[in-house]
Amino acid sequence: MAAHPELDGLSIAHIDCDAFYASVEKRDRPELRDRPVIVGGGRRGVVTTCCYIARTFGVRSAMPMFKALAACPQAVVLPPDFPRYRAESRRLMDMMRDLTPLVQPLSLDEAWLDLSGTERLHGAPPALTLARLQSRIEAETGLTVSVGLAPNKFLAKIASDLDKPRGFSVIGAAEAQDFLAGRPVRLLPGVGPVMARSLERAGFERIGQLARADVRTLAARFGEFGLRLHAMARGEDARGVNPGQARKSISAETTFEADLRTPEDLDGHLVHLAERVARQARAAGQAGRVATLKLKGADFRILTRRRTLEAPTQTARTLIAATRLLLATELSTGGGRAFRLVGVGLSDLSDSAGSADLFAADDPRALAAERAADAIRARFGPSALGSGRDLASRRPRGRD
């Protein structure tokens, strides 16, 4: 039951799946129902997600795996199965789009919805429509979601996290500022650890302090973002639910079981990740103009290097060439550093229709061959094809 004086007038919702990856695993493996489950892999990796039983032992997402296993040694650790998670995500998003075309996914397991003006269509206010959707998702997929209902996106996202799992929480406009006042500034979107420290040094530890601050002072110190901080601290968010908002980047990374330092050892991982990112770009109908290489040293310091391409690409061939150059440059100046993680990314994305690929423009067979390989994998499974490197030495050992 949910009761709130503004309940019938609110129409912006945030839906968040409960421990999504772990819940999919538990649903498909009933023998794990009462056991702590961690989705991740490798003692040097991190927790991708974990079930609520594991959380009672202190396990959290992004926690180093060795710490998670120390806290919960009896946990069942499963490697991520992203194709299966993406398939389930599509089912959930389709159910949301049955209610409104205004669905903006944030990731595989969460999305904003705008149900404004749907009362006549569904014969009920948005709150009741969302409750019915919550029940439908559980009945048809065996998964549970939590719902946040509010006057804007910012508050809806906060609300969905208030009563997990299977929660339905409401934050109204009238109570928003008081609700936020005592909470830490890190709760605000865009306020990461570095920005939080800057705010705290300026005397803003709680959201209420930002709400009471002079807006000109915030603008002078933090620029345009200061104006946004002041608005959010007052519970205001003018952003609309935008189903067409483009994905900002595509990336993949792997953590090694042992630190690597030579080009030969790192290259295999780089190639595998670049192929994976390129496949995702083609599947999404997108091409990117900026190639990114991410490296995490044995000392946990993260290096990010970028290269702007001459034209947008969605082929692994182009992405491999660009990131190999970045890797070679880093290794030549790194003094023999060892690395525990490598990642490859593609950003500055655009619709791939009509984009000229840097290598495919010289050799049209490159893009055609990779698309043909995609079709074969779609029909016969992801292991139906491998690269020449895979045939010579199996996929490099690491944790994705």
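The values are calculated or read from the model by the stated rules, or taken from the named source; none is laboratory data. Bear in mind that the values here come from a model prediction, so they are computed numbers and not experimental data. When we count neighbours, we look across all protein chains shown, and the Cβ atoms used for this are built from the backbone with ideal geometry, even at glycine. When the accessible area is computed, the model is the full protein with side chains, heavy atoms only, and any ligands, DNA or RNA have been set aside. Shrake-Rupley method; radii C 1.70, N 1.55, O 1.52, S 1.80 Å.
For the range 284-308: of the residues being in contact with a helix residue (DSSP H, G or I) (Cβ under 7 Å, 6 or more places away or on another chain) and open to solvent by 10 Å² or more (accessible area, probe 1.4 Å), which is farthest from G45 (Cα to Cα)?
Among them, the one singled out is R307.
Return the residues of the range 120-134 that are assigned to a helix (DSSP H, G or I) and either at pLDDT 95 or above or in contact with a helix residue (DSSP H, G or I) (Cβ under 6 Å, 6 or more places away or on another chain) (or both); say none if nothing qualifies.
Within the range 120-134, H122, P126, A127, L128, T129, L130, A131, R132, L133, Q134 qualify.
Take the residues of the range 34-53 that are under 15 Å from P80 (Cβ atoms) and among the aliphatic types (A, V, I, L, M): which is modelled with the lowest pLDDT?
It comes out as V46.
Quick one: in the range 215-234, which of the residues that are surrounded by 14 or more Cβ atoms within 10 Å (Cβ to Cβ) and among the basic types (K, R) is nearest to Q177 (Cα to Cα)?
R234
Yes or no: L325 within 28 Å of the chain's Cα centre (by Cα), open to solvent by 50 Å² or more (accessible area, probe 1.4 Å), at pLDDT 90 or above and not aromatic (F, W, Y)?
In short, yes.
Looking for something of a type in the set (F, W, Y), modelled with pLDDT of 75 or more, open to solvent by 50 Å² or more (accessible area, probe 1.4 Å) and over 26 Å from R90 (Cβ atoms) - is there at least one such residue anywhere in the range 346-363?
No.
A159 - would you say it is among the small types (G, A, S) and over 20 Å from Y52 (Cβ atoms)?
The answer is no for A159.
Among the residues of the range 131-152, is any surrounded by fewer than 15 Cβ atoms within 10 Å (Cβ to Cβ) and either under 21 Å from R239 (Cβ atoms) or in contact with an Asp or Glu (Cβ under 7 Å, 6 or more places away or on another chain) (or both)?
No, every residue in the range 131-152 fails to be surrounded by fewer than 15 Cβ atoms within 10 Å (Cβ to Cβ) and either under 21 Å from R239 (Cβ atoms) or in contact with an Asp or Glu (Cβ under 7 Å, 6 or more places away or on another chain) (or both).
Looking only at the range 166-184, count every residue that is open to solvent by 60 Å² or more (accessible area, probe 1.4 Å) and touching a residue at least 40 places away in the same chain (Cβ under 8 Å) and tell me the total.
Residues that pass the stated criteria total 4.
Of the residues in the range 82-106, how many are in a helix (DSSP H, G or I), open to solvent by less than 60 Å² (accessible area, probe 1.4 Å) and either free of Cβ contacts under 8 Å to residues at least 40 places away in the same chain or closer than 16 Å to H14 by Cα (or both)?
Qualifying residue count for the region: 7.
Looking at the range 251-267, is at least one residue open to solvent by 40 Å² or more (accessible area, probe 1.4 Å), under 30 Å from L102 (Cβ atoms) and either without any contact (Cβ under 8 Å) to a residue 24 or more places away in the chain or not in a loop (DSSP other than H, G, I, E, B) (or both)?
The answer is yes; a qualifying residue exists.
Return the residues of the range 201-214 that are outside any loop (DSSP other than H, G, I, E, B) and surrounded by 15 or more Cβ atoms within 10 Å (Cβ to Cβ); say none if nothing qualifies.
Those that are outside any loop (DSSP other than H, G, I, E, B) and surrounded by 15 or more Cβ atoms within 10 Å (Cβ to Cβ): R206, I207, G208, Q209, L210, A211.
May I ask you to list the residues in the range 80-104 that are farther than 20 Å from T144 by Cβ and modelled with pLDDT of 90 or more?
Across the range 80-104, the qualifying residues are T100, P101, L102, Q104.
For the range 15-54, which positions are of a type in the set (K, R) and without any contact (Cβ under 8 Å) to a residue 24 or more places away in the chain?
Residues satisfying the conditions are R29, R33.
In the range 135-169, how many residues are part of a helix (DSSP H, G or I) and among the polar types (S, T, N, Q)?
Count: 2.
Anything in the range 7-33 that is assigned to a loop (DSSP other than H, G, I, E, B), open to solvent by 10 Å² or more (accessible area, probe 1.4 Å), charged (D, E, K, R) and modelled with pLDDT of 95 or more? List them, or say none.
R29
Collect the residues in the range 61-79 that are over 19 Å from T254 (Cα atoms), of a type outside the set (A, V, I, L, M) and open to solvent by 20 Å² or more (accessible area, probe 1.4 Å), keeping them in residue-number order.
Matches in the range 61-79: P73, Q74.
Do you know which of the residues in the range 111-126 that are open to solvent by less than 10 Å² (accessible area, probe 1.4 Å) and within 19 Å of G167 (Cβ to Cβ) is farthest from the chain's Cα centre (by Cα)?
Result: P126.
Can G240 be described as open to solvent by 30 Å² or more (accessible area, probe 1.4 Å), without any contact (Cβ under 8 Å) to a residue 60 or more places away in the chain and not in a helix (DSSP H, G or I)?
No; evaluated as a whole, the condition is false for this residue.
Restricting the range 185-199 to residues that are open to solvent by 60 Å² or more (accessible area, probe 1.4 Å) and not aliphatic (A, V, I, L, M), which is farthest from I12 (Cα to Cα)?
Among residues in the range 185-199 that are open to solvent by 60 Å² or more (accessible area, probe 1.4 Å) and not aliphatic (A, V, I, L, M), the one farthest from I12 (Cα to Cα) is R197.
Please go through (1) open to solvent by 30 Å² or more (accessible area, probe 1.4 Å); (2) at pLDDT 85 or above for T313 and return the number of the only condition it doesn't satisfy.
(1)
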